[in-house]
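Encoded as structure tokens, the structure appears first; notes follow it.
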Amino acid sequence: SGINAEYWHYYITNNLSNMSSEDRGCCDKCAKTFIMLINIIIILIGGAILGAGIYWQLSDTGFYKEIFNHEGAGAGIFNVPIVSIVIGSLLLLVGLAGFMGACCEALFLLKIYMAFLIIIMLVEIIIAVGCVAMKSSVETYATERTMEMIGFYGDDTKDEAGIITKTIDEIQENFECCGVYGPEDWSTNEAYNDNGLVTVPTSCCTTQYASEEDCGSHIRQEDNDKIYKTGCKTSMMNFVENNLLYVGICAGVIVIF
């Protein structure tokens, strides 16, 4: 192995020293182009997040403020539009610094770009460790907010743009589930609880009966075999566990970029 190491060291050193300036220029151009393309993607993502944050902040719909800035304990702690604006702005700065630094070969901008990347990497690590350490608290918070969303389902005063309704319908249809823990969770929504007579939205219906408009709206959920009985929390946890490899790969890609 020592002979092989010496051979490869000699081979690489010798070839690099004999590499023409034209070859090196080609490698530099490829690296430069790659960095510029990556940062164009970062700029587009940052711009999209920033634009969405500004739109949400100026929008009349109370969706995000109702869910994350509800009255009572914890009010005003987490504001989705403001966080989106901050994250989008940072991504734009990072992308512009990297793009301009590579395009103009400005060492100062490239140093700023690298500093941003290091900071972002550290923040991601801290957030990941925090989420693991506070798993139960994060899970409880997410569950409580989701239960609130069920209460706002179909309420035009709380869900003016229909975002909550569409989101819950998509989740229940795609994950083949109903409610957070089960169909009984819909008792928290006054529109689906008529003095103890609990019904569920059509999105809780199984694929076979999804075309029936009254499959969940006019039948007691306890006696209804046409709806999903599994809660979405369980279904989503099972999905993550069954696709842990792909989730890990996606998380790795997000961390890298």
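The values are calculated or read from the model by the stated rules, or taken from the named source; none is laboratory data. Since the model is a prediction, treat every value here as computed from it, not as a measurement. Reconstructed Cβ throughout: ideal geometry from the backbone, glycine too, with neighbour counts over all protein chains shown. In case anyone asks, the SASA skips ligands and DNA or RNA and just uses the protein heavy atoms, side chains included. Shrake-Rupley method; radii C 1.70, N 1.55, O 1.52, S 1.80 Å.
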* Order the peptides 187-195, 94-102, 131-139 from the highest to the lowest mean number of other Cβ atoms within 10 Å of their residues. => 94-102, 187-195, 131-139
* Structure fact -> Length gained, Val83-Met236, 0.36 nm per residue minus C-alpha separation, equals 52.6 nm
* For Phe108 and Met147, FRET efficiency with R0 = 45 Å and r from the beta-carbon atoms, rounded to 0.05? -> 0.35
* Enumerate the calculated ³J(HN,Hα) couplings along region 195-204 in order (Karplus 6.51 cos²θ - 1.76 cosθ + 1.60, θ = phi - 60°), each rounded to whole Hz, writing x wherever the residue is Gly or Pro. => 6, x, 7, 8, 10, 9, x, 4, 5, 7
* Based on alpha-carbon positions alone, could you give the equivalent ellipsoid semi-axes of region 86-164 from the gyration tensor, as √(5λ), descending, whole Å? => 39, 20, 5
* **Which of Trp186, Trp56 is most accessible, then next, and so on - probe 1.4 Å** => Trp56, Trp186
* **Whole-Hz couplings from phi, Karplus 6.51/-1.76/1.60, listed for region 230-237; x for Gly and Pro** => 7, x, 5, 4, 5, 4, 6, 5
* Asked: FRET efficiency for Lys29 and Leu93, Cβ-Cβ distance as r, R0 = 22 Å, nearest 0.05?
  -> 0.30
* **Amide hydrogen neighbours beyond the local backbone of Ile227, cut-off 5 Å, H modeled** => Thr206
* Tyr246-Ala191 pseudo-label distance in nm [points 7 Å out on the Cα-to-Cβ vector] -> 3.2
* **Cα-centred dipole magnitude for region 105-205, charges only on beta-carbon of K, R (+1) and D, E (-1), debye, nearest 20** => 640
* Structure fact -> Packing-ranked peptide list from 197-207, 45-55, highest mean Cβ count within 10 angstrom first, is 197-207, 45-55
